[in-house]
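Undergrad: Pasting in a structure now, in structure tokens, and then I'll have a few things to ask.
The values are calculated or read from the model by the stated rules, or taken from the named source; none is laboratory data. The structure presented is a predicted model; accordingly, all values stated were derived computationally and were not measured. With ideal geometry, Cβ positions are generated from the backbone for all residues, glycine too; neighbour counts draw on all protein chains shown. When the accessible area is computed, the model is the full protein with side chains, heavy atoms only, and any ligands, DNA or RNA have been set aside. Shrake-Rupley method; radii C 1.70, N 1.55, O 1.52, S 1.80 Å.
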Amino acid sequence: MFYLMIFILVLCPLLLSSAFAEEPILISISSNLDQVVFDGKWTDSTEWKQSSYNDLTYDDGTEIHLRTAHQGDFIYVQINVATDMFIDKITDNAIVCFDTKNDKTVIPQSDDYCFFTSLDGNSFTYQGNNFPAINGYFIKIPNDKNFVAVGSSSDEHDRYNKTPHASYEFKIPLSLLGRSDNYGFFISVYDAHTKNYHSWPYKVENQGILSISSPSQWGDLVSPDKSIPEFNLALLLVMIFPIILVMQLFTKFRFLKLELFLKN
């Protein structure tokens, strides 16, 4: 009986949480997303084609087409809300969050970042903080000079709906996130017309910018080929060159020593 109670109190919650966990978002490497025109939409019909794709659907009929990829020093995210055809400028908005250590802490830490943009509005960066702030446990910090986020209405070149609808594009520097093959990941979209939030993972509490959810509720963004921690070739050469030089000098010294020995 004692062991049965232990199973119920300890193991069952773990099994249930595992059973209801979301499958990770798989992110791919790209060779052309550095050519994206950041206007918040599909500028042409092939612009975001070379990226991972996830179709997110919700009980109320909302459909979000999520595109993710990385190239060089950036992660690229497009959130295409194909069913939101009420263009509510400034009030429609989207958030993308990363737990860079993926430690899924209950209280956000300094390694947790969220990026916000609104439809035809401003963009902001938020960082986890141990103490409560206006955005839950996140505080607004200056945007990185290379960070870009734009919300707009995607239209005639869109692959999913050519009627104008809400869409968001993000270019997020890896210098801020750090290079990893597994981040905690969360997105949230606010539709001002219906006053509803839609998130991934699904049914996350505290979805809005004024109360960002706990990283413990976030899912995973995974690079299956582990290509995000790309080793910098220039750095590799800088590290290897001194080693090669020392080896050459050592070899030359040994030959010189042998030559002197043979002469004597």
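Undergrad: All but one of (1) open to solvent by 60 Å² or more (accessible area, probe 1.4 Å); (2) under 22 Å from Q207 (Cβ atoms) hold for P142; which doesn't?
TA: (2)
Undergrad: Scan the stretch 46-73 for residues that are under 14 Å from the mean Cα position of the chain (by Cα) and of a type in the set (A, V, I, L, M) and jot them down.
TA: Residues satisfying the conditions are L66, A69.
Undergrad: Would you please list the contacts, defined by Cβ atoms under 7 Å and residues six or more apart or on different chains, that run from a residue in the stretch 200-226 that is of a type outside the set (A, V, I, L, M) to a residue that is loosely packed, with under 13 Cβ neighbours inside 10 Å?
TA: Within 7 Å, the pairs are S213/E205; S214/V106; S216/V106; Q217/E205.
Undergrad: Here are the criteria: (1) crowded, with 24+ Cβ neighbours inside 10 Å; (2) over 14 Å from F170 (Cα atoms). Tell me which single one F98 does not satisfy.
TA: All conditions pass for F98, except number (2).
Undergrad: I would also like to ask the following. Scan the stretch 81-91 for residues that are surrounded by fewer than 24 Cβ atoms within 10 Å (Cβ to Cβ) and in contact (Cβ under 8 Å) with a residue 60 or more places away in the chain and jot them down.
TA: Residues of the stretch 81-91 surrounded by fewer than 24 Cβ atoms within 10 Å (Cβ to Cβ): 82-83, 85-91.
Selection gives A82, T83, M85, F86, I87, D88, T91.
Undergrad: Quick check on this structure: which one of S118, S110 is loosely packed, with under 15 Cβ neighbours inside 10 Å, among the hydroxyl-bearing types (S, T, Y) and in the same structural domain as N196 (by the TED database)? Don't jump to the end; show me each part of the working.
TA: On the way: S118 fails: loosely packed, with under 15 Cβ neighbours inside 10 Å.
Of S118, S110, the one residue that is loosely packed, with under 15 Cβ neighbours inside 10 Å, among the hydroxyl-bearing types (S, T, Y) and in the same structural domain as N196 (by the TED database) is S110.
Undergrad: So which strands (runs of 3 or more DSSP E) stay within the stretch 52-114 end to end and still have 1 or more residues that are basic (K, R)?
TA: Details: elements: 52-57, 63-71, 74-81, 93-99.
Here the list reads 63-71.
Undergrad: Please list, ordered by first then second residue, the pairs with beta carbon atoms under 9 Å, 6 or more apart or interchain, first in the stretch 34-46 and closer than 20 Å to T117 by Cβ, second in a loop (DSSP other than H, G, I, E, B) and polar (S, T, N, Q).
TA: From residues that are closer than 20 Å to T117 by Cβ, the pairs are V36/T43; V37/T43.
Undergrad: Which residues, counting only those in the stretch 48-80, are crowded, with 24+ Cβ neighbours inside 10 Å and farther than 19 Å from V37 by Cβ?
TA: Across the stretch 48-80, the qualifying residue is only I64.
Undergrad: It is to be established whether one or more residues within the stretch 25-35 are assigned to a strand (DSSP E or B) and in contact with a Gly (Cβ under 8 Å, 6 or more places away or on another chain). Full working, then the answer.
TA: Quick first cut of the stretch 25-35, residues assigned to a strand (DSSP E or B) only: 25-26, 28-29.
From what's left, in contact with a Gly (Cβ under 8 Å, 6 or more places away or on another chain): 25.
Yes: the stretch 25-35 contains one or more residues that are assigned to a strand (DSSP E or B) and in contact with a Gly (Cβ under 8 Å, 6 or more places away or on another chain).
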